[in-house]
Every structure is written in structure tokens, then in C-alpha cells.
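Below is one structure, written out as C-alpha cells; the observations come after it.
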Amino acid sequence: MGALHRLPLILPIAWIGALAMLVPAGYALTQDDHEIARNFFYAALLFLTVIGMIALAVGANPRGSIARDNLLTMVAVMTVLPLMLAVPFAESLPDTGLFNAWWEMVSCLTTTGATLYSADLLPAPLHLWRALVGWLGGLFILIAAIAILAPLRLGGFELMATPQDEGAAHLSGPVFETQLIDPSQRVWRATEAVTPVYAALTLVLWVLLLIAGDDALVALCRAMGTLATSGISPVSGASGQASGIVGEMTVFLFLIPALSRRFWPGGGELLASERLRGDPELRIAGVVVLLVTMVLLARHFIGAIESGAAENQMLLTDLTHAAGAAWGAIFNALSFLTTTGWNSVQWDGARAWSGLTSPGLMLAGLAMFGGGVATTAGGVKLLRVYALARHGEREMERIIHPRSIGGGGRMGRRLRGEGAYLAFLFFMLFAVSIAVVVLLVSIQQIEFDTATILSIAALTNTGPLAGAIPLTPAFEGTAGIASAPWSGWSGLAPVAKAVLAGAMIIGRLETLAILALLTPDFWRR
């Protein structure tokens, strides 16, 4: 194990990815799909051998790792590793091409969940592979958040950093060379802490969904897609059609860990409150979900009252449908707030109940809000929203009482001051990123509204968002016979796909981490 720790981090990660190929190989064998089983088995043997040879060569001359190496490793994992993961996928779909397979793996590994393929046309082992890659991507993000981004004060940790920490918070500073011994050791310790919890929650959810009535593959993909917030599903439409509302309630509970890091190991630095009920991210999430639900439900009652149709019997009839519509709104609101993208079996009823022409735009706004800092969720993140809200509240208070004292303790003052400044900076960078991606995508003769939704879905890592909002359909697939151009992704040109793949990676790593790679301090020894 000591020799493994001395290797560059990308090699053990690639080794785990190659080893994971044996899972769909075994499943394909049980399904008598011997061709796909051979593709994954041979790819696993090939890459395990190649990685082993590279490890032997590198291990002969080991060098100590530094913090910036791990940040570069994160970029390599999201860009280069999908190329290896795409090989058996491309071999199993000969007409799709390696580029499309790479794009699909980038989408899965960044937990975006966007797909070029129709669920009905894709073989079951490939569905399992997509869900497994997304699950591993979610695990990697949870580990990297506390082992790589936290020491560098990136990924949301900059909001909670104390002024004492900021004095040495330079990428070239000696604190990053010595903090918690070796940077690679932090990664392994975080892996040992996070993996058992992550795997146990996935197993429990899988069993519960099986009991609720889901098929084994559907339940497993839903369990992995929920914990990783990838939203990857092996079926078209709402994935909980078999288990119904009972299964959705179970998934709803397991989506809550994507709202706050306090539910995962290593979130001590992000605790803005000692008690669970005072957690700012959970409180904001609750308010947002309830507000969206009220907007979707209240419009129907207001319209009924204005039209004079709110008689007792009609009102009772409406109330029988209101419960299902309310659940559909609540589930979808939390699902898209955590950037998972599951659709409730009652979502169509909620849309019909509200009467809004485009309620999907609310889902896009929820995805932009995002989930908790240092979780598998994407988006801007709730803690940044909280910091800006507290800053605005404090400014309003100072207008009324100029000599008032804000209170809230050291952490409260930090969030209202430097935290709000950094949150606003991130918001501006996020907005600029959306504008740039929309510009690059719309150059390819794509309608502006379609380019906007696809760009938001990519940057927030919420791939199913493209299916929740009606887009201008394309009728020519570019990913082979199994492609689904009507879903908004497969009909794109290769240049547009490459831009959106880059947007997924930027959304997953966050803009501040990308900018850190471009600073002179990062490369200074």
C-alpha cells in the first residue's frame, strides 16, 4: 500500500476505472451478451496491464507530490480518463465513434447525466456502465473536495476560510506542502473515510427501491444516480414508474445529503451552525422548494377564484388532484435543486395543474442555484446564495440603523463580508461562463433558446434539464443508430459537443479552480 501511495494519483484512479470495467462485463455475461462482455473484459485486461507497466516505470523513480499536482490530476481525470472509459463503450457501439463515446463518459464522470442515446436502444450493460461511471465520478468529487480543494481554499471552502488561513493561502505557499503531511496522503485518508459511507447509502437505497417494486437494474441505476446526483436512468421518462410515489419518497430522502456537506465525512470546515436545524444550506433549500411548490399550486386556485368556479364540489375535486401535483412539484424542485434531474411520475400533473406554459424554466433556475458546497451537486451552490443573502440583509439593516452591530460571531461576519465578496465574484464568473458557452454553441446554427438551455444544463451538471424543457428538435442523429437527436444533445455538431463537454468539466471543477491553474503562483516553486 505504501508503494501505491507514492505513485502519481492519476494511476490508481485509472486502475480503479479499468477494474470497474469488469462489472458490466460480468453483467453482460449473465445477460448472454457475450460480445459486450468480451469488449469490457479485454479492455479491462489491456488497461490494467498498461497501467501496471507505467506504475512499475514510475515507481522506480518516485517523487514527492505537491498540492498543485492533485489539482492537475482533477483536470486529467475529467478530460483524459474518459478517453479510457470510452474504449469499451465505443467497441460495443461500433457506429457511434470514439468521440461520441468520450463525450458520453465526460457527461457521466462529471455527474451531468446528459446522453446522446435513446434509453430504449442502448443495451442494458451499457446503461450499467454509464451509471457506474457516474457513481465513481460522484465519489471522486466527494473525496477531492476535502482532500484537494479544501487545502487550496477552492470549491466553496474559500467562503469559510478565516483571515488567518488567508494569510498563507497561496498555491505556492509552504502550507500546501506540509499541511496534513503529504497531499496524496490526504486523498487516501479521505477515500477511506468517504467510500464506506457512500457505498453503504447506495446499497441501502438499492434495496429499498427493490422492495418498492423497481427492477434490479433500474433500482441500481437510480440508487447510483441519486447518490452521485447524475440522474442517469436506463429507462425513458420518469424512472420511478414501477415503484411510484413510495420509491420517489425514498429517493427524496437520499437526495438530502446533496444539500449540505455535514452529512458526509470531512465537512467540519463548512459548518456554519452547530445544529442541524440551523444549517443555512438546508434552510435555504427548504424555502426554495416550498416557494416553487406554492407558485405551481397557487396559480390554479387563484385562476379558479377569479373565474368564479370555486364551488364546493369542484374545490373538492381539485383537492384530490392537488396532492399529486404538490408531490410532483416538491420532488422535482429538490431533484433539480440538487442537479440530479429526476422527474416525478406526478410532474406532468403538476405542470397541467399550474397552467404555466414553461414551468421548466423554474427547474433551470433551481439547477443554477445548485446544492451544497463540497457535495456531488453542481450549480452555484447554496452557501454562496446564503452569503449574498446575509450581506444584503446586513446592508438593509445598516440603512435603517447605521450604528447597529451585525453579530453572528466570527463566521457570520466572515460570510457577510469576504464570503459575500467571493460569492459575488463567483456569480459573475458563472454568468460570464454561460454567456461565452451560449455564444460558442449558437454559432453552430442552433436556436438561441436551445443553446441557452443546453449551456445551463452543461455548466450546472444537470443533463436531464434538456428533457424537462421543450427544445427545438433535431431529426438527424450524430451518434449512430442508438442516438436520440430529439433529446437536444445528439443532434449537435461535433464542435458544439466539444464546447458543451468543456462546459461540463468547468461546471464540475468550478471556474475559480480553473482560474487558479492560470495564476503565476500556481506554477511557482
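The values are calculated or read from the model by the stated rules, or taken from the named source; none is laboratory data. Model, not experiment: these values are computed from the prediction. For neighbour counting, all protein chains shown are included, and Cβ atoms are generated from backbone atoms with ideal geometry for every residue, glycine included. Please note that ligands, DNA and RNA were not included when accessible areas were found on the heavy atoms of the full protein model with its side chains. Shrake-Rupley method; radii C 1.70, N 1.55, O 1.52, S 1.80 Å.
For the reader, a short list of remarks on this structure follows.
- Considering only residues in the stretch 212-255 that are polar (S, T, N, Q) and in a loop (DSSP other than H, G, I, E, B), the one that is nearest to Pro485 (Cα to Cα) turns out to be Ser236.
- Check on Gly328, at pLDDT below 75, in a helix (DSSP H, G or I) and surrounded by 17 or more Cβ atoms within 10 Å (Cβ to Cβ): no
- Condition check for Ser344: assigned to a helix (DSSP H, G or I) and either of a type in the set (Ser, Thr, Tyr) or more than 24 Å from Ala114 (Cβ to Cβ) (or both): no
- One residue stands out in the stretch 13-35 among those that are hydrophobic (A, V, I, L, M, F, W, C) and farther than 16 Å from Met84 by Cα: the one that is most open to solvent (accessible area, probe 1.4 Å), namely Leu29.
- Flag for Leu45 being open to solvent by 50 Å² or more (accessible area, probe 1.4 Å) and assigned to a loop (DSSP other than H, G, I, E, B): no
- Scanning the stretch 438-453 turns up one or more residues that are surrounded by 17 or more Cβ atoms within 10 Å (Cβ to Cβ), touching a residue at least 60 places away in the same chain (Cβ under 8 Å) and closer than 26 Å to Leu122 by Cα.
- All told, Phe369 meets the bar of being at pLDDT 90 or above and open to solvent by 30 Å² or more (accessible area, probe 1.4 Å).
- Residues of the stretch 397-408 that are at pLDDT below 80 and surrounded by 10 or more Cβ atoms within 10 Å (Cβ to Cβ): Ser404, Gly406, Gly408.
- Within the stretch 485-500, being touching a helix residue (DSSP H, G or I) at 6+ places or on another chain (Cβ under 6 Å), open to solvent by less than 10 Å² (accessible area, probe 1.4 Å) and in contact (Cβ under 8 Å) with a residue 60 or more places away in the chain holds for Lys497, Leu500.
- Asn461, sole failed condition from (1) touching a Leu at 6+ places or on another chain (Cβ under 9 Å); (2) surrounded by 15 or more Cβ atoms within 10 Å (Cβ to Cβ); (3) outside any helix (DSSP H, G or I): (1)
- Going through (1) open to solvent by 10 Å² or more (accessible area, probe 1.4 Å); (2) aliphatic (A, V, I, L, M); (3) closer than 21 Å to Gly467 by Cα one by one, Met105 falls short only on (1).
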